[in-house]
Structure formats: C-alpha cells, structure tokens
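See below for the structure under consideration.
The values are calculated or read from the model by the stated rules, or taken from the named source; none is laboratory data. Since the structure is predicted, the reported quantities are computational estimates derived from the model, not experimental observations. Here the Cβ positions follow ideal geometry from the backbone for every residue, glycine too, while neighbour counts run over all protein chains shown. Note: areas computed on protein heavy atoms with side chains; ligands, DNA, RNA excluded. Shrake-Rupley method; radii C 1.70, N 1.55, O 1.52, S 1.80 Å.
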Amino acid sequence: APMDASDGSSSEGERKKTQETNEKDDDDDRGGSYYDTAALEELRLEQKRSTFLNDNTTKTEPAVVASVASESVGTTKQDDKEDSTKEEEFIPLSGGNTKASSSRVADPVVLTGEEAMAYARREEEDDANVDFDHGLQSPPTPPPPCGVDNEKAVMGKVKSMDINADIMDIDDPSEEVEEGNRRWEDTMARRAGVLPPNAATSADRNSGRSRPQQRDNNSSSLSQIRTSLQPTISNLENVYSDLESSIHRHESTLSSTRDELAKHQSTLQKHGRALEYYQGLREDLATWMGALRELNGMVEKVEEAKRQLEAEISWRRIERFWEWGKDCTEVLEKQGLLETKVVGEDCYFDEANFYNAPVQEVDEFGRDLSSMASISRVKRWNQRRKSCIRRLQDVQTDSGDIENSLQQSIGCSNEDNFGSGEFGEWKQRHEALAKAVAIIPDLVKDDYLSISNLCTLFFNWEREYPADFATCYAEMSLVQMISVLVRLEMCEQWNVLDIRVDSSSTPCLEISDFKWFHNLKLDDSRRDGNGEVGEKRKAKPKCILLEVVQKQIVGHLFNSFSFDDGKNGTKQQEIYDPFSVTQTEHLCSMLTSLLKYLSSCSEENSKVICGETAGKILNSLLSLVKYCVGRMVVPIGDASKISLTRNQFALGDVSKELDGETVDAIAYASVIQVKALCTLAKNILGRWYPILNREICNQKQDEVASLVQFVFEDLVSIRILPALHSLHAITSGDNGNDKKYSEMPKMFINEILDAMQGAELLEKDRWMLMAAPLRVVAKQWDNSA
C-alpha cells in the first residue's frame, strides 16, 4: 500500500509535469514550431518505437501488463477527468525517474520549444560518438513496474526479441501506431493553422469511434490542408515569379548603371586628357601666332616695297619705249619723212602737233612750249645715243667708228633710255630690300621659321581630335600661317621678272625650286599615310600644299599681269613687260611648272583649278598686251624719200644731208620697233599660246583664239607688215650696202613663221589663212632675192 501510494503520487506529479509541458507545447504550437523537419522525423520514429515496445510487452508479459493496467485504471480514469483539456501526451526523451517513466511507457511524449532544442543538441552530441541505429536494433528495455525479479525477467525477454523480424511480420499497423500518426498529423495541421486548436482534443475524446471514420477524417484533413495550402502555394509561386522578374530587372538596371558609370568615367577621363591637351595646344598656338604676326608685319612692308620697285622699273621701261616712239614720229613728221603712223585707241597722241604745226602754245611767261618739248626731246636723244655708244663699246672688241655707223642706230635699245642715276637708285633700293629680307629671320627664333614644325603641331591635333580639327577650320588657319613663311622665302627668291639690278641672287624659275614646296609635299604625304586619322575622318582633307600654291604662286602671277586702264583715275600696276624675252621665259617656266603640279594633284577639283588658272592668265595677258600695244605709236617711214647708201640712211635727194636725230628716228621706224613687235608676236605665239592651249578645255578655245587673232590682225597686219615693206624698200637697192641689212625683213618674217610652226598653228586651216600675208611676202622676197 505505501508502495502504491508513492507510485500514485509520483505518477500524479509526472502527470502534472506532462500537463504543464503540453500546455506549454500548445502555447508554442499556437506561436509556431521551434525545430526543423529532421527533428520532427526523429520524434515520429521514437513514437513508433515506443508504441511497438508497448505492444510486445503486452504480448510477452500479460501478467505484468495486467497488474500495471489494474493499478493504473483508477489513476487513468482520474487523470482523464483532470486532464480533459489536455490535447496530447508526450514521451520523455531524457532519462529520469525509472518508476515514473515505467508507468508511462505506452504514452508517447512530444517535446516542443526549448526542451526540444536542448534534446536535439544532446542528440547531436551523442551522435558524434555513437551512430543512431534508426530503430533496427533492440531498444533499451524499460524497467518493470515492480520487483527486481520481474525487471530481470522482462529484460531477458526483451533481449531475446528480434525487432526487425517482428516488424516484418506486421502487416497492418496497430491502432496505437495509427493513433500516433493521427495525432502527429493533427498537430502538424494545427501548427499549419488549418484546424482549430481543439481539433486534436476533440479527436482524443472521440477516440472510440471506428477506425474507418478516423481514416476518412484524416483524409478530409489532408484534403483540407491541401486545399487551404493551394492558394498559399499559388501566392508563393506568384511571389517567386515576381521576385525572379524583379531580380532580373534589377540586375539589368544594375548592369546598365555600371555601363553608364564606366562610360561616364571614360568620358570624364577623356575630357580631362582633352582639357590638358588643349591647354598645351593653346599655349603653342598663341606663341606661334605672336611670332607669325610680328613676322607678317615685316614681310608685308618688304613685299610692298619690292612690288613698288618692280612696278616702277617695268612701268618706266614701257613708258620710255612709248615716249621713244612718239619722239621718232615727231622727228619724221617734221622732216617730211613720215608716210603714215598707227595709233591705238588708248594712245593720247596729240594730232595738232603734226597736222596743225603753225599753232603755237606758250606758257604764262610767254615761252614757246613747242620749243621746250623739242629741247626735252633732243635731250633724251642725246642721252640715249651716249648710253648706246657706251654699251656697244663695252660689248664689242672692234674699235671702229661706232658713233656715226648704222650699227649704232639700229643697235639702240630701250635700256639706253635710262641714265646711270636711275640705275643707281634702283640698285640701292634693291640692296636695301635684300638686307631687310636677310635681317627678318634673325628677329624670330628658328623654331618658328620651320614649316615642318608648324605642320606637325596641326597634324598631331588632327590625329588626336579629328572632329574638332575639322569643325574649327584648322586647315584654313594652317594655310594662313604657312603663307607667312612662304611669302618670306618668296621675297628673297621670287625674281621671275629678272629685275635683279646686279644682284647675285639666283631666281627660282619653277615652284619645285622653293624649299617650302618640298617641305609641304613631304608633310602632306606623311599626313595621308596616317591610317588612324584616315579612318576617323568623315571627309577627305584638303591638300595643304595645293591651298598654298593656289594662294601664293597663282596670286603672284596674277599680280604680274594686273593693271588698271586709268579710266577711273588709278595708275596701272602691271609688272610684266610683254616685250621682254627674259621675263616671258621666266613667267612661262613658272606657269608650266604650276599647271603641271595642278594637273598631277589627286584632288577632285585640281583639273578645274588648273583650267580656271589658265583661263585667268589668258584674260590678263590679252588685256595687258592690248593695253601696251594700244598706247604705242608706230611710225611708217616714206621709202620713196629714204634710201640706204653705203650702210648709211640718206635722203633721195643726195644734196640734203640727214642729222643724227633723224637717222635714229628712221632706224627706230624701220628696224627697232619692228624688232620689238616681232618679239611680242613670238612671245605670244611661241611661248604663251602652247601652254594655255594645252590646259584650257575645248569649250574655251575661243578665248585662246582671241589671243592668236589679236596677233595676226593688230600686230602683223596693221603694224609689222607695213613697217617691213618700208624697210625692204629702203634696203633693196644695190648701193654698196651690207647684205645683212637687205635680209633683215625676210629674217623678221621667218622668225614669226617659225614660232607659228613650233606652236602647230600652220596645221590648222584658220590660222593658216591668217598667216597667208606673211607667207606670201616671204615667198615674194625669196624670189626677188
């Protein structure tokens, strides 16, 4: 009886602990599970094992079980009444009072909360040393409820049991196993929030129902769980899908942000490098601009002074030649030896001096102006005669009488119209210009006189930033800056008109003779060979050399031909003397090299530029020639009153002797002016026409034809042929004259015909008809000879 009382009190205490534990577990269930799936699976296996041990113990120990059951019947009924609110019973997982645990062997216990976590940690520590047998080996035998002998008997029987064999013999699970499964499923359902908290309690109270009804309830519970979980699963799937799309979108945004950040960083670095580069470039360009601006100011002054000197010399030469013709015409007119004279439209020759001789003009002091003009004319003649004699004596070794010979009269040239004082002045001015040009480079550092250095600065800029180089007109600026250095070199070496005045400098007759031409050609080839810049360029760059040549060489050639006709009160400014053979050769050589370079350029518009340049040169040349010939007076001597006797000009009336001024006037009208006009015709037909005709296209052939037509109609027909007829009539008589004088008319005609033959003009029907008078006269004089 005391033993039973103690057992009952211990069982009651154990039962209270279990109830408190269950209430705590219910509270934990309502709040959620504190252990994972693996721990739940272990708990379930332990429940199955305990149930299985209870069944075996009942079979092997009916007496013990019956006694235990009889002792606990009253207690169980009382416990059921006291614990009617308890939802489920748990098996202890830890050791403790053997008597207390043996009285509750058949009741499964489930730990929750902190106790389950502590049990799980203890199991993990035990698993580190002992492997879990997964219920395949015999579990430890619980102690019997009373007596040591019974405990030994039960232990012996338990040891002799084969759990695996018994499990294999079981076909259907026992009611306790099914009840444990049902409880476990109800617990899981309650924790999942599907069943109300009192579902498991009501299920315990209705444990007496039939087993099929329990199975239906379990199935309905599972279906309810599935049905209730289906929206949650769908929501989770939708949330997962949204999460995936959101992750993908955010990853894309992050990637694009990273790309933009890298791009901005690269752009920032690029702009930083550009800023540093442009700061250095700005300093270099500012220094170059300062040096070239100073240089340009000095070069402009030298160019202006040189242009004025050249224009003054050339213009004075042409004016002296016109004046010479007027003086000779006046002398022949006064002597009555003038047959006719040819005066152009632009000639301001005073007809009153010839046809109204009795009219006298006086100044405010009553002096006869005509006598004063005669005094000036005689003074010019004396100066011209002295200069010619001095020049012929320096050239010839023969010490014969040059002063009174015909050789002196016909050997006079336009250079004899200038005195030594004028040549001395020109020489001093030219030497001063040469010294100024030599000093200019010393005032600037050598680094800023190199075209290659300047081109390198700009071409490096183009290589680094081609877009900026193209949009800021850098090529135009480069051409303007290079032009300053080019003009400096041309001030020293451009002497196409051969106005050197005893200078030792050698003129450049072709554009390839200049140093800047070779430097720019080399720089352009290096620029075109840069493949990196070529790929970045949107448009083909301009040829720097072509721009400089077009601006400087072509400009200088136009300035040589430019003139104003004086109708607007401005003075003529041409530099080229069309009667000069040397100047014509130099200009034609320069023009030939220029057109050759333009035609060889790879630029698309180079052919057009070449044709336009030739056309402008043609128009300028034709205007200049017309102007010079139009201002010229061509006297034609009367051959019936003049004869050549013993190499001296004389009158038909031998009784009257001719003075020196009249003889020189006859020589000018018969030989000197004819020689000048034939030289002009040969310069045009033999030198200018072939160059211009080759470069000008077929549509502008009429312009070239106008130049040739002017030569035949104005020069040959109106001026040259009448003068040659007069010369042939004067020298044709057999009066003991030198044969060379009688052959002079034929020599002049043959020179013109040879020039036409060289220019292939006689092969064209139009020009062959134009040259018919020359060929007829030449044949006639051949027959007469």
Open item on the list: With every protein chain left in place and a probe of 1.4 Å, what is the accessible surface of T613, to the nearest 10 Å²?
Closed with: 10 Å²
TODO: Just the number, please: carbon plus sulfur as a percent of the accessible area of region 743-785, 1.4 Å probe, no ligands or DNA/RNA counted.
DONE: 53 percent
- [ ] For region 275-295 and region 450-477, compute the distance between their C-alpha centroids and round to whole Å.
- [x] 12 Å
- [ ] Rounded to whole Hz and in sequence order, give me ³J(HN,Hα) for region 442-457 from the Karplus expression 6.51 cos²θ - 1.76 cosθ + 1.60, θ = phi - 60°, writing x for Gly and Pro.
- [x] 6, 7, 10, 4, 5, 4, 9, 10, 9, 5, 5, 5, 5, 5, 4, 4
Task: ³J(HN,Hα), Karplus 6.51/-1.76/1.60, whole Hz, each residue of region 584-596, x for Gly, Pro - done: 5, 4, 5, 5, 5, 5, 5, 5, 4, 5, 5, 5, 5
TODO: Just the Kirkwood number for region 233-326, please: inverse of mean 1/r across all distinct Cα pairs, in Å, one decimal.
DONE: 21.4 Å
Task: Gained length - K740 relative to S255, 0.36 nm times residue gap less alpha-carbon distance - done: 164.3 nm
- [ ] Report, by chain and number, residues whose modeled amide H sits under 5 Å from the one on I636, excluding near sequence neighbours (fewer than 5 apart, same chain).
- [x] E339, T340, K341, V342
Open item on the list: Given Cβ point charges of +1 (Lys, Arg) and -1 (Asp, Glu) and nothing else, what value in debye, to the nearest 20, does the dipole of region 622-733 about its Cα centre take?
Closed with: 320 debye
Task: Accessible area of E260 in the full protein assembly, 1.4 Å probe (Å², nearest 10) - done: 110 Å²
- [ ] Counting only heavy atoms of the protein chains, get the accessible area per residue of region 277-343 (1.4 Å probe) and round it to a whole Å² value.
- [x] 48 Å²
Task: 3J(HN,Hα) from dihedral phi, region 661-670, Karplus parametrisation 6.51/-1.76/1.60, rounded to Hz, x for glycine, proline - done: 5, 5, 4, 5, 5, 5, 5, 5, 5, 8
Task: Segment Q648-K386, extension gain: residue separation times 0.36 nm, minus the distance between their alpha carbons - done: 92.4 nm
TODO: Report, as a whole number in µm² per second, the diffusion coefficient that Stokes-Einstein gives for region 580-733 at 10 °C and 1.306 mPa s using the Kirkwood radius over alpha carbon pairs.
DONE: 88 µm²/s
- [ ] Give the ranking of D738, D754 by solvent-accessible surface, highest area first, calculated with a 1.4 Å probe.
- [x] D754, D738
